[in-house]
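See below for the structure under consideration.
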Amino acid sequence: AQKVTQAQTEISVVEKEDVTLDCVYETRDTTYYLFWYKQPPSGELVFLIRRNSFDEQNEISGRYSWNFQKSTSSFNFTITASQVVDSAVYFCALQMIYNQGGKLIFGQGTELSVKP
Amino acid sequence: GAVVSQHPSWVICKSGTSVKIECRSLDFQATTMFWYRQFPKQSLMLMATSNEGSKATYEQGVEKDKFLINHASLTLSTLTVTSAHPEDSSFYICSAEDRWAYNEQFFGPGTRLTVL
């Protein structure tokens, strides 16, 4: 069975600190996508990144970076120099490419609070 | 970019009434749409997969007679919560898969349902 685990329920940091959100996934499929979404208080999901299982290159986008390691089934997300606007719930998600009809399996979410 | 709308954005209804939520893909065609439910402080859980022109596929534990899904066109899917009760109060989010971009899903802004 497929599963996504975000062990950190809540994280609180002070502005300008770096913070890493952990994501561990389980699947027997070899082809899949991994995602990160941001959900601010408004509720709308904001897409951050999609990573193919065959692409283990790390990615950096501004203050955001992602570390994908198939060996440990992890897809961690780091925010550098955090800002108050980064406060939100962050979800990691897994999608099988050829099975499960394209549905997304979400982790429990990590609520990030960045204090000024 | 791909835009998905939901209507209404919020609704308050009395117990026992039915509520219809619309999900529209505004600038692309979607053969598949997904309906998720999110209770406060919880993750998104898939309720059903809606395929244009055919019956929806419901996840285990979701009552198909209570949550009626219709996907009559390539741009519109509707979710009707029949005989709503307070325990149905939740945040309902749809996503639409671009028919020409396999596994490319776009989320709507969500509908907050409150049943009194």
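Among the residues of the range B:4-40, those that are among the charged types (D, E, K, R) and either within 14 Å of chain A (Cβ to nearest Cβ) or assigned to a loop (DSSP other than H, G, I, E, B) (or both) comprise B:14, B:27, B:37.
Looking at the range A:56-76, is at least one residue touching a residue at least 60 places away in the same chain (Cβ under 8 Å) and either outside any loop (DSSP other than H, G, I, E, B) or among the acidic types (Asp, Glu) (or both)? No, the range A:56-76 has no match at all. Within the range B:75-116, restricting attention to residues that are in contact with a helix residue (DSSP H, G or I) (Cβ under 9 Å, 6 or more places away or on another chain), assigned to a strand (DSSP E or B) and modelled with pLDDT of 95 or more, the residue that is surrounded by the fewest Cβ atoms within 10 Å (Cβ to Cβ) is B:114.
Out of the residues in the range A:26-45 that are free of Cβ contacts under 8 Å to residues at least 40 places away in the same chain and within 13 Å of chain B (Cβ to nearest Cβ), which is farthest from residue A:5 (Cα to Cα)? Checked the range A:26-45; the qualifying residue farthest from residue A:5 (Cα to Cα) is A:42. Taken as a whole, the range B:41-48 holds at least one residue that is within 14 Å of chain A (Cβ to nearest Cβ) and in contact with a Ser or Thr (Cβ under 8 Å, 6 or more places away or on another chain).
Condition test on residue B:72, is it over 23 Å from residue B:114 (Cβ atoms), more than 14 Å from chain A (Cβ to nearest Cβ) and assigned to a strand (DSSP E or B)? Yes; evaluated as a whole, the condition is true for this residue. Out of everything in the range A:77-95 that is part of a strand (DSSP E or B) and among the hydroxyl-bearing types (Ser, Thr, Tyr), what residue ends up being farthest from the other protein chains (Cβ to nearest Cβ)? Per the criteria, the residue is A:78. Of the residues making up the range A:96-107, those that are within 11 Å of chain B (Cβ to nearest Cβ) and within 19 Å of residue B:60 (Cβ to Cβ) are A:96, A:100, A:101, A:102, A:103, A:104, A:105, A:106. Do the conditions hold for residue A:116, that is, is it closer than 23 Å to residue B:45 by Cβ, surrounded by fewer than 16 Cβ atoms within 10 Å (Cβ to Cβ), at pLDDT 95 or above and in contact with a helix residue (DSSP H, G or I) (Cβ under 9 Å, 6 or more places away or on another chain)? No; evaluated as a whole, the condition is false for this residue.
Has the range A:39-55 got at least one residue that is of a type in the set (D, E, K, R), surrounded by fewer than 16 Cβ atoms within 10 Å (Cβ to Cβ), part of a loop (DSSP other than H, G, I, E, B) and touching a strand residue (DSSP E or B) at 6+ places or on another chain (Cβ under 6 Å)? No, the conditions are met nowhere in the range A:39-55.
The values are calculated or read from the model by the stated rules, or taken from the named source; none is laboratory data. As the structure is a prediction and not an experimental result, all values here were calculated from the model. A quick note on method: Cβ atoms are made from the backbone with ideal geometry, for glycine too, and the neighbour counts reach across all protein chains shown.
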